[in-house]
Amino acid sequence: MTIDGADEVDACFNLIKGGGGALLREKILAANSRKLVIIVDETKQVGRLGKFPLPVEIIPFAAQLTLRQLRKLGCDPEIRTAAGGQNFITDNGNLIADCRFGAISDPKETSLALNRIPGVVENGLFCAMTDTLIVGHADGRVTAADRP
């Protein structure tokens, strides 16, 4: 079982993850878990994913060429920087391109399209992986639901 958080979650339990930069490792664990439980506060629930920039892990070699291909998908990608202005480097030695798509109408197709780009290692869309969603509300309530 994996218990984790998310940056955004929609009504179908699709997620955007990777705000902390560990999306590849988190996706490997989630994909190999019997059950994925996501815990968020109510501000992370959205009608449609995309308000939060979508993290995409890319290899450093020819990163500008990869960014050009990302733009062709209709997003505005920007290499994430760390404190001090240097490029943020993942635990795997890669870069994160934070991609501003706006509303993502088809998370599954967007994920597939991203992963077809040479230079993309993985993306922060977690589609149809969440089994249980636990939400903390400002009034102190906690709700739990299983994937629809």
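Remark on the chain: Cys12, Cys127 stand apart, with no other cysteine beta carbon under 4.7 Å. The orientation-averaged projected area of the convex hull spanned by the Cα atoms of region 33-148 comes to 9.0 nm². Express the carbon and sulfur contribution to the solvent-accessible surface of region 1-73 as a percent, rounded to the nearest whole number, probe 1.4 angstrom. Heavy-atom surface of region 1-73 belonging to carbon and sulfur, 1.4 Å probe: 55 percent. Starting from the Cα of Val37, step 7 Å toward the Cβ, then list every residue of region 1-22 with an amide N under 11 Å from that point. Only 1-4 fall inside the zone, counting backbone N under 11 Å.
Lysine pair count for the chain (Cα-Cα distance under 24 Å; residues 8 or more apart in sequence or on different chains): 16. Per residue, the average separation of C-alpha pairs within less than 8 Å and at least 6 apart gives the chain a relative contact order of 33 percent.
Rounded to the nearest 20 debye, the dipole magnitude of the chain is 360 debye, with +1 charges on Lys and Arg beta carbons, -1 on Asp and Glu beta carbons, and the Cα centre as origin. Please work out whether region 38-94 counts as rounded, prolate or oblate from its C-alpha gyration tensor, where a ≥ b ≥ c are the square roots of the eigenvalues and a/c under 1.5 means rounded, while otherwise a/b larger than b/c means prolate and anything else oblate? Oblate, because a/c is 1.5 or more while a/b does not exceed b/c. Estimate the FRET efficiency between Glu78 and Ile28 by the formula 1/(1 + (r/R0)^6), using the beta-carbon distance for r and 30 Å for R0, to the nearest 0.05. That pair, Glu78 with Ile28, gives E of 0.75. Report the trypsin sites (Lys or Arg not before Pro) located in region 93-143 that are in a DSSP loop and have at most 11 other Cβ atoms inside 10 Å of their Cβ, or state none. Filter output for region 93-143: Arg116, Arg141.
Within the chain, DSSP assigns beta bridges of which about 70% are antiparallel (rounded to the nearest 5). Measuring how big region 1-100 is from its alpha-carbon positions, Rg and Dmax come out at 14.3, 40 Å.
The values are calculated or read from the model by the stated rules, or taken from the named source; none is laboratory data. Note that this is a predicted model, so its numbers are computed, not measured. Counting neighbours? That spans all protein chains shown, and the Cβs are built from the backbone with ideal geometry, glycine included. Only protein heavy atoms, including side chains, enter the accessible area calculation; ligands, DNA and RNA are left aside. Shrake-Rupley method; radii C 1.70, N 1.55, O 1.52, S 1.80 Å.
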